[in-house]
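Here the structure is laid out as structure tokens; the discussion comes afterwards.
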Amino acid sequence: MTPRVAILISGGGSNMVTLVNAMRSDMIDATPVVVISNIPTADGLQKARDLQVHPHAIDHRDYNGDRVAFETDLHKVLIKFNVDIVCLAGFMRILTSDFTDKWGGRVLNIHPSLLPKYKGLHTHQRAIDAGDSHGGCSVHIVTGTLDGGPVLGQTPVPIVPNDSADDLAARVLVEEHKLYPAVLADFVKRYEQ
């Protein structure tokens, strides 16, 4: 049976759009069933509507820092939509191990660095400040350790002289849009076996 995929976002949803389009082509044998944002005003929710994927908002601010309660409601929505695989695509919330353990290695994330380097935020500036020759992106399994799960794929992106964090971010995003669908396609093939 074709896996049902939820995509979690917090912003504009460019990786979400790329994943949905790849699932609707012959590239990924999966079905996008819901896009969930922790920010009700996220632009990506309208993009989901335009793509005719059900948009759903769960405002994390309503939970006053209670991550367990937020994740309980998130889990309920995923179950309601019979989700098999969860793809984080710019979802700016840290998930607890209680949540990720329930999903048994079926939560993926795209991260803008060559993990294990530069977990967390401000990855492009940190790579530039360190004098690295490359930044890049990684797709990994989400675990209870921040950006610490097994890496499924990476793409290095050269850092050029006078690069700003924004310059590097723009070039990395282009590669994210290639890497994430390719890794998800491979993950789905293994999931279906």
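Indicate the gyration tensor shape class of the range 1-84 (rounded, prolate or oblate), computed on the Cα atoms with a ≥ b ≥ c the square roots of the eigenvalues: a/c under 1.5 is rounded; otherwise a/b larger than b/c is prolate and the rest oblate. In terms of gyration-tensor shape, oblate. Of all DSSP bridge pairs formed entirely within the chain, close to 40 percent run antiparallel.
With Cα atoms as the point set, the range 125-186 shows a radius of gyration and Dmax of 12.6, 36 Å. For the chain, the solvent-accessible area of protein heavy atoms averages 48 Å² per residue (probe radius 1.4 Å; ligands and nucleic acids excluded). Annotation for the range 54-79 versus the range 100-152: alpha-carbon center distance of 23 Å. For the range 32-141, place one equal point scatterer on every Cα, skip the solvent, and apply the Debye formula. What is log10 of I(q)/I(0) at q = 0.11, 0.19, 0.21 Å⁻¹? Listed by q, the Debye log ratios stand at -0.42, -1.08, -1.21.
The listed residues Glu175, Glu192, once ranked by accessible area (1.4 Å probe) with the largest placed first, stand as Glu192, Glu175. Note on the chain: with neighbouring protein chains present and a 1.4 Å probe, carbon and sulfur make up 52 percent of its accessible heavy-atom surface.
Ranking Tyr180, Tyr63, Tyr191 from most to least accessible surface, computed with a 1.4 Å probe over the protein chains only, gives Tyr191, Tyr63, Tyr180.
For the chain, the ratio of Cα radius of gyration to the globular rule of thumb 2.2 N^0.38 Å stands at 0.99.
The values are calculated or read from the model by the stated rules, or taken from the named source; none is laboratory data. Every value quoted in this text rests on a predicted model; they were computed, and no experiment measured them. Ligands, DNA and RNA are stripped out before the accessible areas are found, and what is left, the full protein with its side chains, is counted by its heavy atoms. Shrake-Rupley method; radii C 1.70, N 1.55, O 1.52, S 1.80 Å.
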